[in-house]
Structure formats: structure tokens, C-alpha cells
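Step one of this worksheet: look at the structure below.
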Amino acid sequence: MKTDIRNRKDIEKLINAFYEKVKVDEVIGYFFNDVAKVNWEIHLPKMYDFWENILFYTANFEGNPMVVHKELNEKSAMTKDHFVRWNELFTTTVDKFFEGKKADEIKNRALNISYAMMFKTL
């Protein structure tokens, strides 16, 4: 039985599973592996903080994702299809593990954030 997203441990489970998909994805994986050359030991804790702040207002995230994505876009152009794929992977990962108010909220927030980034980046 699925539960709702309740705490940081749940966020870590979600984010770890999501990025395992991203790393091998044929559409967006290269952004992370080849363009950004993500250091996962640094990136994952930032993403835990980011999403924990989004859902639970912890104020534990520092950074400007918009600037990072603009710089990434300058290295390798992003398209609407890239953002759509990111959302597909994120939503299916949430749905695999969770259901409820916070699960719905994180999917909606992710969609809104990604579309805002898409329109400001492209």
C-alpha cells in the first residue's frame, strides 16, 4: 500500500529513484552525465533540501535553480521535449511510491517549476 510523502526520508527515496531513471534516460540523461557532469554526492543532498523546502517549508535550500538551468542551456540547448520528459519521469516516480495530498502537491509544483524554467530558459 502506498503512503503519502511524509518527511525527508520519503523525499530522499523519491529523489534517489527519480535520478536513477534520469541517469540512464535516452532523452535527458546526457544533460546530467555529459553536459553538467553532475557530482551526485553534491547534487542529491541539494535536491533533498530543495524538495523538502517545497513541500514542508523548511527553508533549508540555498541556491538559484534558474541560473543553473540557464547556464546549462547555454552549453547544450534544451527543448520543450526535454522538460516534458523530465516531468514524465518525475511524475511516474512519484506515482510508483506515493499517493495523497503531498504526492499530488509535489507533482503539481514540479510541473509548475519546470514550465517556469522552460519559458525563462528557452
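The phi-based Karplus calculation (6.51 cos²θ - 1.76 cosθ + 1.60; θ = phi - 60°) puts the 3J(HN,Hα) values of region 75-87 at 7, 8, 4, 8, 10, 4, 4, 5, 5, 4, 5, 4, 5 Hz, whole numbers, x for Gly and Pro. Summing +1 for each Lys or Arg and -1 for each Asp or Glu among the other residues whose beta-carbon sits under 15 angstrom from that of Thr3 gives +1. Loop only by DSSP, 15 or fewer other Cβ within 10 Å of the Cβ. Give me the trypsin sites (Lys or Arg not before Pro) in region 14-122 that pass, ordered by residue number. Here the sparse-neighbourhood loop sites are Lys37. Taking a sphere under 9 Å around the Cβ of Gly63 and counting the other residues whose Cβ falls inside, with K and R at +1 and D and E at -1, yields a net charge of -1.
Rounded to the nearest 20 debye, the dipole size of the chain about its Cα centre is 160 debye, using +1 on the Cβ of Lys and Arg and -1 on the Cβ of Asp and Glu.
Taking 7 Å steps out from each Cα toward its Cβ at Glu105 and Met66 produces label points 2.3 nm apart. Compute the Cα gyration tensor for region 71-122, then decide on rounded, prolate or oblate, letting a ≥ b ≥ c be the square roots of its eigenvalues: rounded whenever a/c is under 1.5, prolate when a/b is larger than b/c in the other cases, and oblate in all that remain. Prolate is the answer for region 71-122, as a/c is 1.5 or above and a/b outweighs b/c. For region 7-62, the alpha carbon positions stretch 33, 20, 17 Å along the principal axes, listed from largest to smallest. A simple spin-label model places pseudo-atoms 7 Å from Cα toward Cβ; at His43 and Asn16 they are separated by 1.7 nm. Sparsely packed loop sites in region 60-122 (the chymotrypsin sites (Phe, Trp or Tyr not before Pro) outside DSSP H, G, I, E and B with at most 16 other Cβ atoms within 10 Å) comprise Phe61.
Labels on offer are [x] 62; [y] 66; [z] 73, and the one holding percent of Cα pairs over 16 Å apart computed from this structure is [x].
Every read-out reported here was derived from the displayed coordinates using simple, explicitly stated rules and does not represent laboratory data. Keep in mind it's a predicted model, so treat the numbers as computed, not measured. All Cβ positions, even for glycine, are placed from backbone atoms using ideal geometry, and neighbour counts span all protein chains on display.
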